[in-house]
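The structure appears right after this line, and notes come after that.
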Amino acid sequence: MNLNEAQRYIEHLSVSGIKPGLDRMRNLCAKLGDPQNSLNFIHVAGTNGKGSVCAYISEILNESGYKVGRYTSPAVVEDRERYQINGRNVSQAAYCRNLEEVKAASDLMVLEGSEEPTLFEIETALAFMIFMEAGCEIVVLECGMGGAQDATNIIHAPLVSVITRISLDHTRYLGKTVEAIAKEKSGIIKKGTHVVTIAQSQEILNVIKARASLEKADLTIADPANVKNLKQGLKASSFDYGKYKGLKISLIGTWQTENAMIAISAIEALKKEKIKIDENKIKDGLIKAAWPGRFEIIAKNPMVIVDGAHNENAARRLSETVDYFLHNEEEKGKIIYIFGVLGDKNYPAIAEIMGPHAAHIITVTPPDNPRALPAQELADTVSRYNRMVSVAGSLEEALEMAYLLADKDSVILAFGSLSFLGEIRRLVDSKSVYLKKKQITT
């Protein structure tokens, strides 16, 4: 299997949709020799912040000398970025070779009369194969949308289970209340393990505590009140947390200190499993952690930022960050949005939270996704909160419109579904876009 064949196979699976349950996954992994059983995991679930927490933990372990696999989703630029070994994408050869094995096992399942695995199940099994072949000592494993019924939950007891902030998302599959969603997410907690979460609403914490108690798991709740001397900037932020002084992170966002706290608490739990990690390596890992598509500055003059805020809670965090870093009195009214989202998200809530910030909002339809919300429908909703709305027929048109509206002090913020941010990055980097934008003279 070459890369083109691999991409065609992934595209074929992309219509499989979401099908919770572990039976297909168990069957698939059994045919592959259960590669997950030879790996040690840090398992990360939650609604928001999972990817950043995975990035922090992975970099700390990398700096500590361990061979670390990291599995995250979705991809922003290319599919191989979901499978990283010590911070680098898996090679094309390893990706294709292992995907061919996973496809063969899936094809055998179908021949035997079983249901074909979903795309996420294939990708998760592929991660297990890649990391087993590479001899990874620890794998940082991000759940998909769920927990108990998530394909990643086929693993044995992890070294540490992590649950980030939980909010309403994927309610069609996970439940209509935060308690129901918390119950599903906390399904990753296994008997006698270490569990780390963040202080959040009491109804959510009650669910996590009950599951941890049932499984006799050691629970740590990271408390933002323990953050001191916080200084935030567009290049880096610094803070103290408990015994750790002078910590620095380069990921931008008012919520990133919380994600770093969760990662530190997970590392502390990992030490209880005799994993040796020096305090200086924690500091080195935190500052080196990078995570594309999370309030990421990809261009200047004008500044272009991309962010994967795709649900209500993430939109609130993005709104806080915009207020803190961008929306002072001198710059007020200079923010231009490119906004696209999937139709199964609570986009009216996102529009209500984010709409008032912008001088102009350009709506787009995320390409190549059957769940994409049409740009016109999104514009109709956004117009309730901001009358300066335009509909773009493509991402390229949206970016050209944004540049035409911008001056040198403007900020173009592309946010919503992660699925289109990679293409935005490519377009920003493309010379053709810059040739078409107006000459900025002010």
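For the reader, a short list of remarks on this structure follows.
- Verdict on A266 being crowded, with 21+ Cβ neighbours inside 10 Å, at pLDDT 95 or above and under 20 Å from V160 (Cα atoms): yes
- Flag for K276 being surrounded by fewer than 19 Cβ atoms within 10 Å (Cβ to Cβ) and modelled with pLDDT of 95 or more: no
- Within region 242-255, being within 24 Å of the chain's Cα centre (by Cα) and not in a loop (DSSP other than H, G, I, E, B) holds for L247, K248, I249.
- Scanning region 175-229 for residues that are under 21 Å from the mean Cα position of the chain (by Cα), within 20 Å of I42 (Cα to Cα) and in a loop (DSSP other than H, G, I, E, B) gives I189, A199.
- Residue in region 56-71 that is nearest to N40 (Cα to Cα), counting only those that are of a type in the set (F, W, Y) and crowded, with 23+ Cβ neighbours inside 10 Å: Y71
- Residue within region 375-393 that is farther than 13 Å from G340 by Cβ and assigned to a helix (DSSP H, G or I) present: yes
- Within region 13-38, being modelled with pLDDT of 95 or more, under 17 Å from S114 (Cα atoms) and polar (S, T, N, Q) holds for one residue alone: N27.
- Of all residues in region 135-176 being among the hydroxyl-bearing types (S, T, Y) and at pLDDT 90 or above, the one that is surrounded by the most Cβ atoms within 10 Å (Cβ to Cβ): S161
- If you go through region 222-263 and keep only what is at positive phi and surrounded by fewer than 17 Cβ atoms within 10 Å (Cβ to Cβ), you end up with N229, G242, G246.
- Breaking point among (1) surrounded by fewer than 18 Cβ atoms within 10 Å (Cβ to Cβ); (2) assigned to a loop (DSSP other than H, G, I, E, B); (3) at pLDDT below 90; (4) not hydrophobic (A, V, I, L, M, F, W, C), for D323: (2)
- Being among the β-branched types (V, I, T), surrounded by fewer than 19 Cβ atoms within 10 Å (Cβ to Cβ), part of a loop (DSSP other than H, G, I, E, B) and out of contact with any His (no Cβ under 9 Å at 6 or more places or on another chain) is not true of I298.
- Among the residues making up region 289-305, a single one is in contact with a Phe, Trp or Tyr (Cβ under 7 Å, 6 or more places away or on another chain) and within 21 Å of N89 (Cα to Cα): A289.
- In region 72-87, the residue that is surrounded by the fewest Cβ atoms within 10 Å (Cβ to Cβ) out of those that are modelled with pLDDT of 90 or more and closer than 18 Å to G422 by Cα is R80.
- Residues that are of a type in the set (G, A, S) and more than 20 Å from the chain's Cα centre (by Cα), drawn from region 113-134: G113, S114, A134
The values are calculated or read from the model by the stated rules, or taken from the named source; none is laboratory data. The structure presented is a predicted model; accordingly, all values stated were derived computationally and were not measured. Reconstructed Cβ throughout: ideal geometry from the backbone, glycine too, with neighbour counts over all protein chains shown.
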